[in-house]
Each structure stands twice: as C-alpha cells, then as structure tokens.
Amino acid sequence: MRPRQHPCLDQLHQEDNALPPTHYSLLDEPWLPMRTTEGDTARVGLRACLCEPHRFKAIDSTHPTETLALYRLMLAIAHRAIGAGRLEDRADLLDEWPRARVAAYLETWAHRFHLRDPVRPFLQVAALAAVEKLKPRPWTLLAPERASGNNRTLFDHTVDRAVPPASDAELARQLMAHLQFVPGGLVKAMRTSGSRGPACSLLCVLVLGASLQQTLVLNLVPQSPTEYGADLAAWEQDEPAISALSAGQEVVPAGPAQRYTFLSRAVWLGPPGAACSEVRAYAEGLALGDSPVPDPMAAQRPSEKGLWPVLLREDRAFWRDLHALSAEGGHPPATVLTALGIRQACADYTPLDLLAGGLLADQAKLLLWRLEERRIAPLLLAGGQPMAAHLHAAIEAAERAARQLDHALWQACRHWLEADPSRPPRKSDVQALALQLGGMPRYWQALEPRFWALADALGQGGAPDAAMQAWAEQLAGTVRDTWRVTVGQLGSSARALAAAAKAQGQFARALAIARQLGKED
C-alpha cells in the first residue's frame, strides 16, 4: 500500500522549482521515512520536514544507525538555519518555528543537496572520479547489516558480484548512517586506514518531543555567535582536496553541525544515471580529531584520564548508564541539559522521552547496534535532585553486588574444575565454564524491569525510603536467585556441593551489599 501523503506536501512541492529527477534533490525527493502527527506514514524530503516540522511526529524507521543519523542531519540543518541562540531563545521556538528562515537557508544551499550532482554531490567527494586507482565497490559496503567483502552477516548472503540494486532514497539513508557510524579500520585506498565516524561506539541520547518540531527544539543546543560562526556544515565548506585526504588531514569538529555532517569517508556514488548497485569510488575521509567540546548526544563520566564519553557495551544495557545522564553520576549530554532547561523555562515538568542507542565496534569489527526509547522523569536527571541521588545509589549498589557475585560464581567454577588442589585449572577454562552457565547475564536481565519500576516510583515523587527498601529486597532476591540457579547447573554431586561451599563466603558479601542499601535508606 502506498503511504498516504501529508496535505502540506503538494503545496510545498508547487512552491519549489523542481530540478531534473536525475539530480535527486534531497530537499524535495521522498526519501525520508516519517510518521505524521495523525498517525500516517509518509516519504518526504527535507524541505517538508524542516519547514513544517509540527506536522510530523518522528522518523519512522527501525534501523538504529539510520534513525540517529537522520535526526543528526536534521539538527545540523536546524542549527545552521536558525543560528546562534541562548536557551531562552531555543524555548521560544516551541511556539514559533522560524519557517521563513529555514526555507531561505535551504534555498541558499539547495545546489548542495543533490545526491548525484556532477560538481558537488551531497556529502560526497566528486574529485574521487579523477583518481584512477579507485575501483567501483558494491553499495552494500555502506550498510553494516549487509554482507560485503569480509563483512559476513547472519541473515544476508549477498555476494559482491551480484548485488541487488538500491534506490537513490536507500543510498542516501545508508550514506548518512555510514558517515556517522562507520568504525575505524583498514581501507587501503589512498592511505592505510580510515578514521571512525563521530558517533561510532557512542551511547547517543536525544530527547523526543510530541512532534518533530519539539524534538528539534529540545535538542538544539545553545550556541554563541562565535561558536556558530565556526561550526560550518559540510555543504558550507569547500570539498576536501585529494591531497588532504591522502595525507589524513585531521579536523577537530567545532560544533554539532560539523559533527553531524563529518566526512569520515570519501564517497562518490556516481553521476546522474549511474548504476544503483555500486559506489563508484570509496576512500578514507577526513581524520576525526579530539575536540574539547564533546558530542552533544554523548554523556561523559570521570575516569583516571579525565572525562570520558559513555560508550555502548555488549554486557551493559542503557539503564546501567542512566546515572551518567544526570549531574549526580557524570556530565549529561548537552541534548538532555538543553531539553531540561527548555522544559524548566516553560514550567513543564512532564517526563522526557529519551531515545538512546548506537553502533558498537571493535576496530573494524561490528559487535552490536541498539536503539531503545524510555520515559524518564526530570527529577531523575536534573542535578542536585534527591531523587537522582537515590537512583545513582541504586545503580551503584547493583554494580557492587554484581562484582562480588561474579567473583563468587568464578570461585565456584574454579573449585568445580579443580581436580588436584596443587594444580589449579587454567583461567581460560574457568572463564569458559562461567560463560556457559550465564550467571551474570541472568542477574542483569532480572534486574532491568525491577529497576524501571524503581525509576517510575522515584520519578512520581513517591516516598523514596519505601522505594529504596523495595529495591534492596529485590536486589537481594536477584542475587540469591542468580546464585541458586547458576550454581545449581553444576549438579548435586559432592564435587558440586563442595565447590559451592568454598565460594559461599564471596556470595554472602554480595548479599550483604544489597541488604546494607536497605538499612542505609
């Protein structure tokens, strides 16, 4: 069934001077998957989204990196079109969206938003066409979920010599996600390796509003005129020279617009009419330099080396890093701080809808991607709030108990494998047995729904003592259940019972941590 077009689209298209379709203008072509405030789905261009954002609710995609990258692109345009501003100025945009200013900006730079422009294609490097050693590559190298080269995937079995064609709309979305989330690694086109994308491995967090307009405003971080002047988007800058790409020129992003449009890879999709099954040229892009200004969507936590961005982890769900989103446990993302400030200026204390996720890579190896949405009360995110301190204490207690429980399970596995006390088992064997038993994943999975129940109780302003006492009991119960089930898998033989008994003291310490939390609160 064809998606129902939004009533504002026909009027917007009539106002534009359409270019030949071979150029594929991202301002006007229907390439963005959106959900309207009426609940319909629509494919639209950037002009419709950014000139009438109140008519759309959100990006309608289940692709984690695509969703985040498209929000980052829209925010980059909004930053450049709206200009510098304080927090109070951003709050005013909730009621009066500057459509004329946004439309004028898009008209000024319309010639840079053509996906296949022969001179300056959008977020690409047309000069790659003159580099003879660069050969066409399958377009699937832009998509981490697709099999390409040595990137083997579980469900996709495409081979490079028979790649199905992609539409320009799909290529545009994959290009956005690739530039933001590509892992660093070997490319061997003009130099040895390429830099990671600016959002790769970060736990990216943005605040969702009731409409796209609210979402853009809540994440539009304040900028001074000086900061705004230096923060040029990629289409406002000269195309990178081949010599700069070959030398690995390092660029330090000056602000959100530069981060959200960073050319971490040099890509050329090809001229108008080119085959949609290949990328005509692909090479290393600009090198991402360390910036004193963190990514606006990334929280930071103190470490031995100073502040460090919160990264995705295979063994760590979003809720375990929630305290880093408040001043109690770290330095919150600028997006969250901006949303809190705007809500406070509007005397709006309703819960915030957070969208959190990203892509985790180990060098060039992709480990996971994740995207989840949670509703959090401002009381749990604002600095200096007692409820935020309680939530921080709850997470810390769970982490301390987990370390002791993990050590106890390790000891039980070691003693179970220990046939001769004079010859302890190899560490790798103990680790393999502990992973097979799956004790710690069981612990964290059981705690997550109980944690969100605690967050809801604290966020509603209920009695914190009762909520924390209930959490302590649930934490203690989870420690006991995890120990019982995990150790029970070793069997009921004398050997298994002896191994459990020898690790009992470590288990008791884990249990004591949970119980102590209840006594303190």
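Rg and Dmax of the chain, using alpha carbons, in Å: what are they?
In Å, with Rg to one decimal and Dmax whole: 25.8, 84.
Please give the charge dipole size of the chain, origin at the Cα centre, charges +1 on K and R Cβ atoms and -1 on D and E Cβ atoms. Round to the nearest 20 debye.
Working: 54 positive and 56 negative charges, 380 e Å.
Its charge dipole is roughly 1820 debye.
Take the Cα coordinates of segment 305-401, assign each an equal point scatterer, and use the Debye formula without solvent to give log10 I(q)/I(0) at q = 0.17 Å⁻¹.
Taking Cα atoms of segment 305-401 as identical point scatterers yields -0.83.
What is the magnitude of the charge dipole of segment 315-417 about its Cα centre, with +1 placed on the Cβ of each Lys and Arg, -1 on the Cβ of each Asp and Glu, and no other charges, expressed in debye to the nearest 20?
On the way: 10 positive and 11 negative charges, 41 e Å.
Using Cβ point charges on Lys, Arg, Asp and Glu, segment 315-417 gives about 200 debye.
Of Thr36, Ala81, Ala48, which is farthest towards the positive pole of segment 29-82's charge dipole, taken about the Cα centre with +1 and -1 on the beta-carbons of Lys, Arg and Asp, Glu respectively?
Ala81
Can you pull the one-decimal nm distance between simple spin-label points at Thr62 and Glu236, each 7 Å off the Cα toward Cβ?
3.8
Multiply the residue gap between Ala274 and Arg101 by 0.36 nm, knock off their C-alpha separation, and tell me the result in nm, one decimal place. Please report the intermediate quantities before stating the final value.
Details: separation 173, 0.36 × 173 = 62.28 nm, distance 3.46 nm.
Using 0.36 nm per residue and subtracting the Cα-Cα distance, I get 58.8 nm.
Per-residue HN-Hα couplings for segment 391-400, Karplus 6.51 cos²θ - 1.76 cosθ + 1.60 at θ = phi - 60°, whole Hz, x for Gly and Pro?
5, 4, 5, 5, 5, 4, 4, 5, 5, 5
Give, rounded to the nearest 20 debye, the magnitude of the charge dipole that segment 151-289 has about its Cα centre when Lys and Arg contribute +1 at Cβ and Asp and Glu contribute -1 at Cβ.
On the way: 9 positive and 12 negative charges, 89 e Å.
Using only the charged Cβ atoms, the result is roughly 420 debye.
Rounded to the nearest 10 Å², what accessible area does Ser493 have for a 1.4 Å probe in the complete protein model?
About 60 Å², rounded to the nearest 10.
Would you kindly state how much longer the chain becomes between Ser246 and Glu314 on full extension, computed as 0.36 nm times their sequence separation minus their alpha carbon distance, in nm to one decimal?
Values: separation 68, 0.36 × 68 = 24.48 nm, distance 3.41 nm.
That works out to 21.1 nm of additional length.
Output the Kirkwood hydrodynamic radius of segment 472-521, Cα pairs only, in Å rounded to one decimal.
Details: mean 1/r = 0.0863 Å⁻¹.
After inverting the pairwise mean of 1/r, the radius is 11.6 Å.
What are the chymotrypsin sites (Phe, Trp or Tyr not before Pro) within segment 155-253 that DSSP puts in a loop, where the Cβ has at most 15 other Cβ atoms within 10 Å?
Within segment 155-253, the qualifying chymotrypsin sites (Phe, Trp or Tyr not before Pro) (loop, at most 15 other Cβ atoms within 10 Å) are Phe155.
Using a Förster radius of 35 Å, what is the FRET efficiency between Lys188 and Leu368 based on their Cβ-Cβ separation? Nearest 0.05, please.
On the way: r = 26 Å, r/R0 = 0.74.
E(calc), rounded to 0.05, equals 0.85.
Evaluate the distance, in nm, between pseudo-label points positioned 7 Å from the Cα of Thr37 and of Gln436 along their respective Cα→Cβ axes.
5.9
Determine the percent antiparallel among the DSSP beta bridges restricted to segment 23-140, to the nearest 5. List each step's numbers first, then the result.
Values: 8 of 8 bridges.
Of those bridges, close to 100 percent are antiparallel.
Using only Cα atoms, find the angle between the long axis of helix 439-459 and the longest principal axis of the chain, and express it within 0 to 90 degrees, rounded to the nearest 10.
Tilt relative to the chain: about 70 degrees.
If ligands, DNA and RNA are left out, what is the accessible area of Ser224 with a 1.4 Å probe, given in Å² to the nearest 10?
So the heavy atoms of Ser224 present about 50 Å² to solvent.
Using modelled backbone amide H atoms (1.01 Å from N, in-plane), which distant-in-sequence or interchain residues come within less than 5 Å of Ser193's amide H?
Val187, Lys188
What are the ³J(HN,Hα) values, in whole Hz, obtained from phi via the Karplus relation 6.51 cos²θ - 1.76 cosθ + 1.60 with θ = phi - 60°, for each residue of segment 330-342 in sequence order, with x given for Gly and Pro?
Values per residue, Gly and Pro as x: x, 10, x, x, 4, 5, 5, 4, 5, 4, 4, x, 5 Hz.
Give, in nm to one decimal, the length gained when the segment between His54 and Arg495 is fully stretched (0.36 nm per residue of separation minus the Cα-Cα distance). Each step should come with its number before you reach the end.
Numbers: separation 441, 0.36 × 441 = 158.76 nm, distance 6.65 nm.
Extending this stretch completely gives an extra 152.1 nm.
Whole percent per 10 Å bin, from 0 to the bin with the longest distance: what is P(r) over all C-alpha pairs of segment 398-521?
Reading the bins upward from 0: 13, 41, 27, 13, 5, 1.
Pick out, from Ala446, Gly488, Pro164, the residue whose Cα sits farthest towards the positive end of the charge dipole of the chain, with +1 on the Cβ of Lys and Arg and -1 on the Cβ of Asp and Glu.
Of the listed residues, the answer is Gly488.
Could you give the alpha-carbon Rg of segment 303-356 over 2.2 N^0.38 Å, rounded to two decimals? Could the numbers behind the result be given before it?
On the way: Rg = 13.0 Å, N = 54, 2.2 N^0.38 = 10.0 Å.
Taking the Cα Rg and dividing by 2.2 N^0.38 Å, one obtains 1.30.
With a 1.4 Å probe and every protein chain left in place, work out the accessible area per residue of segment 38-88 in Å², rounded to a whole number. All intermediate terms of the calculation are to be shown ahead of the outcome.
On the way: 1430 Å² over 51 residues.
Heavy-atom accessible area per residue stands at 28 Å².
The values are calculated or read from the model by the stated rules, or taken from the named source; none is laboratory data. Predicted, not measured: the structure shown is a model, and the values here were computed from it. FYI the Cβ positions are ideal-geometry reconstructions off the backbone, even for glycines, and counts take in every protein chain you see. Heads up: the accessible areas ignore ligands, DNA and RNA and are worked out on the full protein's heavy atoms, side chains in. Shrake-Rupley method; radii C 1.70, N 1.55, O 1.52, S 1.80 Å.
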